[in-house]
Amino acid sequence: MQSINYFLASFISFLGLAVGILLVKIAPEEQKPGKKYFILLRRIFLFAIFIFFLLYYLHDFSYFLILIILFLFLLLIEFKKWGLFKKSLLTYALLGVLFFLSSINTSLFAIESALILLLGIPTASLIYGIREKNHYKILFYNSIFLIAANLLFLLNYHFSFLILR
């Protein structure tokens, strides 16, 4: 995969958070009644991200084992009694790793990119509307997704380039 395509896809996937913040700014009166649906959508998208991964890598035991460990870690994060802001930081760091792992298969990469974009909408709507009113802080702290995904890609690209020499 070309670098520019990967970087743009990671940035567009990250923009789901900005869309969620914009959604709350446009319709703040819908935040309270929609809270339970945003929580449900967030969990459905998280579950779908792992289901598609497992379906694509069911035959490869090493990927399957890594995904099960990451899924259990995500379940631990999701059902811990932390605030949603802290949960989203850890979740987006984990999603950066999953985003990188999905770049091996272009079909899976497209699906995962879209699901991460869609996950950002209810996540940012919940964080911005209830806990945090500073949208720059939400975007800045969750940019760990961009850092993790792009750093892993650059390291992989750099090391594969060194090996090929």
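The values are calculated or read from the model by the stated rules, or taken from the named source; none is laboratory data. Source: prediction; values computed, not measured. Here the Cβ positions follow ideal geometry from the backbone for every residue, glycine too, while neighbour counts run over all protein chains shown. Accessible surface is based on the protein model in full, side chains and every heavy atom, while ligands, DNA and RNA are left aside. Shrake-Rupley method; radii C 1.70, N 1.55, O 1.52, S 1.80 Å.
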Legend entry - Directionally averaged shadow of the chain, computed from the convex hull of its alpha-carbon atoms, nm²: 9.9
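How large is the helix-only mean residue ellipticity at 222 nm for the chain, computed as the sum of -39500 (n - 2.57) over DSSP H runs with n ≥ 4, divided by its residue count, in deg cm²/dmol to the nearest 500?
Value at 222 nm, helices only: -28500 deg cm²/dmol.
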Inset, instruction - With the full set of protein chains in place, find how many percent of the accessible area of the chain is carbon and sulfur; take the probe as 1.4 Å. - result: 73
Inset, instruction - With +1 on each Lys and Arg Cβ and -1 on each Asp and Glu Cβ, and nothing else charged, work out how big the dipole of the range 1-122 is about its Cα centre, in Debye to the nearest 20. - result: 580
Inset, instruction - Give the accessible surface of the chain per residue, rounded to a whole number of Å², with probe radius 1.4 Å and ligands, DNA and RNA excluded. - result: 57
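Taking every pair of alpha-carbon atoms in the range 1-64, give the share separated by more than 16 Å as a whole percent.
That fraction is 67 percent.
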Legend entry - Gained length - I39 relative to I4, 0.36 nm times residue gap less alpha-carbon distance: 9.3 nm
Inset, instruction - Compute the distance in nm between two label points, each set 7 Å from the Cα along the Cα-to-Cβ direction, one at F140 and one at L54. - result: 3.8
Legend entry - Selection from I66, L40, L76 lying farthest towards where the dipole of the range 1-78 points positive, charges on Cβ: L40
